[in-house]
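Q: Quick one: this structure, given as C-alpha cells, is what I'll be asking you about.
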Amino acid sequence: MTDVWAGADLGSTNVKVLLADAEGTVLARAARPTPRAGLRVRPDELADVLEELILLAAGAVSRPRLRGVCVAGVGEDGVLHAGGRPLGTALPWFDPSRRAALDRLAELARPDDRLRYGVELDAARTVAAWALIPSADLAAADGWVACTDYPALRWTGRAIMSSSLAPRTGAWLLDPGAWDIERAGRFLPADLLPPVVPAGTVVGELRSRRLADLLASDAVVVAGGHDHPVGASVVHRQDPGAPLDSMGTAEVLVRTLEPANRPARTGDRRTEDRGDRGDHRTGDLRTGDLRTGDRGDIRTEDLRAGDRGDIRTGDRRAGDRRAGGNPPPGMDLSPAVLGDGLTALTVLELDRNMTWLRDNGLGPCLDAVLAGRLVVERPDRPVFAPGAAGGEPPRWTPAAADLSAEARAAGAAWQLAQAGAAALRALAPDAEAAYAAGGWTRAPGWMRLKAAAAGLPYRILAEPELSALGAAHLCLPGPIAPVSVRELTP
C-alpha cells in the first residue's frame, strides 16, 4: 500500500487537489473548474467535486491508502447549516449584491480595523454576507461555516473555522484571538459562530461513502486555512520569514512575521517543531500524530457553543506576535499557519491590468516583453497608472502620449513590476531574496523585470499548486522535503 495525504485548494476559479507521500513529494494531482450556480456556490456540490478529484488523483497512484485530507481556500464565502447540511448556497466574496450591505457596515468601521481585525471592513468581508441573510434562514440554522471548512463538517460532523480564515470575516479579533460577539451579533447570532482552531488541528475521523475504499482506518480531516497563507507556509518551512510573491489572477505578496525577540517555548507551534504536529493544540483539540487512538481526544463537547468566543490560537495574543510592535501598513493580517507570528499579505491587481493593456492594442508588444524578446528600458517618467482595488481603472499618464506601442508596453510592464517591488519592500524590507509562484512565473521576461525592480534574487518554486501542497503538508506526521527552486538574479 502507498500511504498518501491529500491537499486541496478551493479557489474562486478552480478546485485543485494533489496527493503527497509522507515526505511531501507530490505523487498525483487533479483539477476542475469550481462548480457554480450563477455566481453562487452549492457547498455539497463543491464537496462532491473535491471527492471526485481525490479519486481521480488516486487512480494515478499504485495501491493508495488515504491517511488525511486538508483543505485551503477563500474565507469570505460561507453558508448556514443545520444537521450538518447546508441550508442554501454561498454568496461569493466578489458578488456585487454584497454592496447592498455597505450602509449597514459603515457605522461599524473604525480607523484601527486592520490592526484589530486584520482587514478593513468592506463588502468582501463575511459580515456583509451575514447582513443579507433573511431572519427565517437564521432561525432554521444550527450554525455557519466557511465554504473552505464545509468539507470538514460534512466528513466529520464538526463545524470549525481555521484561524487564518477567521479574520477574513471582519468580525474576529486578532487580540485576544476571539470572535467580536458585539460586531458579529449585529447580523449573526453568537451561537451560530464556529470555534476557531489553528491550522494543522485534527478535526475528526474522515467518513465518506464515496471515498470508503480509499480510506485508511485512521484517516482524518485536518484544519487548513486561507489559501495564500497556507501556500506561503511552504516557503516558511524552507526559509522562515522570506516573502512569497504569488502571481495569478492577482499578485499576492505574503510573509510570516515572527515575534520580535521572543524565545521559542516548549509546546509552542514553532517553526523548528514543524515536523511534530503533536504540539499544535487549542485546548483539547489535539493534532496528535494521525493515529486512531488519538482521535478520542477530539471531543464534541470541546466544540460547544459556550466556548466559541474563547477559543484562541494557543494562548498567544496578537499583540505579542507582532514583529517590531506593528505590522507593515496596508497589509491584511491573520494568525500564522506555522509558528507564533502573524501572516501579512497584500493584494495587487495583475491580470486585470495586463488584460487592459491587451484591450488597448498592445497584445503583441506585451507578449514580446513578457517573453523577454523586447528589451525594457526604465522610463524616466511614469507612463502608466495601474488599476487598483475597488474598481479604479488603469490609465495612461500624459508622458505616454508620444511613445511608440513598444515603449508603452515596456513602460507599463516596468511600472507593474515596480508596484510589486514597492509592496515587497514594505512587507519585507530586510529580505535577501523573494520566492515566486503562480502562472506568471512562466514568463521569463516578466520575471527578469520583477527581479530588476525589486533588486533581489527571485527563487521560482517548481510546484505550481502551492496552496494545495501547503494543505497536504499540514497533514504530514514527520519531516517534509523542501520544494525545488530556480534562482533568477537581478
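Q: I'm trying to understand the selection: among the residues of region 78-99, which are closer than 16 Å to A47 by Cβ, small (G, A, S) and outside any strand (DSSP E or B)?
A: Within region 78-99, G83, G84, G88 qualify.
Q: Of everything in region 369-389, what is part of a loop (DSSP other than H, G, I, E, B) and either of a type in the set (F, W, Y) or open to solvent by 90 Å² or more (accessible area, probe 1.4 Å) (or both)? Give them in sequence order.
A: Once the filter is applied, which keeps residues that are part of a loop (DSSP other than H, G, I, E, B) and either of a type in the set (F, W, Y) or open to solvent by 90 Å² or more (accessible area, probe 1.4 Å) (or both), region 369-389 yields R373, V375, E377, R378, D380, R381.
Q: Still on this structure, I have one more. Against the definition (farther than 16 Å from A472 by Cα, part of a helix (DSSP H, G or I) and out of contact with any Ser or Thr (no Cβ under 7 Å at 6 or more places or on another chain)), how does D175 come out, yes or no?
A: Working: farther than 16 Å from A472 by Cα: yes; part of a helix (DSSP H, G or I): no; out of contact with any Ser or Thr (no Cβ under 7 Å at 6 or more places or on another chain): yes.
It is false that D175 is farther than 16 Å from A472 by Cα, part of a helix (DSSP H, G or I) and out of contact with any Ser or Thr (no Cβ under 7 Å at 6 or more places or on another chain).
Q: Could you check region 101-125 and list, in sequence order, the residues that are outside any helix (DSSP H, G or I) and surrounded by 20 or more Cβ atoms within 10 Å (Cβ to Cβ)? Please lay out each step first, then the result.
A: In the first step, residues of region 101-125 are kept if they are outside any helix (DSSP H, G or I); the result is 107-112, 118-125.
G118, V119, L121, A123, A124, R125, listed by residue number.
Q: For region 209-231, state whether one or more residues are assigned to a loop (DSSP other than H, G, I, E, B), open to solvent by less than 20 Å² (accessible area, probe 1.4 Å) and closer than 19 Å to D332 by Cα.
A: Checked against the condition, which is being assigned to a loop (DSSP other than H, G, I, E, B), open to solvent by less than 20 Å² (accessible area, probe 1.4 Å) and closer than 19 Å to D332 by Cα, region 209-231 yields no hits at all.
Q: Among the residues of region 232-245, which ones are surrounded by fewer than 24 Cβ atoms within 10 Å (Cβ to Cβ) and in a helix (DSSP H, G or I)?
A: R237, Q238
Q: Return the residues of region 161-187 that are within 23 Å of V221 (Cα to Cα) and open to solvent by 20 Å² or more (accessible area, probe 1.4 Å); say none if nothing qualifies.
A: R168 - this is the single residue of region 161-187 that is within 23 Å of V221 (Cα to Cα) and open to solvent by 20 Å² or more (accessible area, probe 1.4 Å).
Q: Within region 461-478, can one find any residue that is in contact with a Lys or Arg (Cβ under 9 Å, 6 or more places away or on another chain) and without any contact (Cβ under 8 Å) to a residue 60 or more places away in the chain?
A: Yes - at least one qualifying residue is present in region 461-478.
Q: Answer yes if at least one residue in region 400-412 is open to solvent by less than 20 Å² (accessible area, probe 1.4 Å), free of Cβ contacts under 8 Å to residues at least 24 places away in the same chain and touching a strand residue (DSSP E or B) at 6+ places or on another chain (Cβ under 9 Å), and no otherwise.
A: yes
Q: The conditions are (1) buried (at least 20 other Cβ atoms within 10 Å of the Cβ); (2) not in a helix (DSSP H, G or I), and T148 fails exactly one of them. Which is it?
A: The single condition T148 does not satisfy is (2).
The values are calculated or read from the model by the stated rules, or taken from the named source; none is laboratory data. Here the structure is a predicted model, which is why all the values come from computation and not from measurement. Using ideal geometry, Cβ is built from the backbone for each residue, glycine included, and neighbour counts are taken over all protein chains shown. Surface accessibility is based on the protein's heavy atoms, side chains included, excluding ligands, DNA and RNA. Shrake-Rupley method; radii C 1.70, N 1.55, O 1.52, S 1.80 Å.
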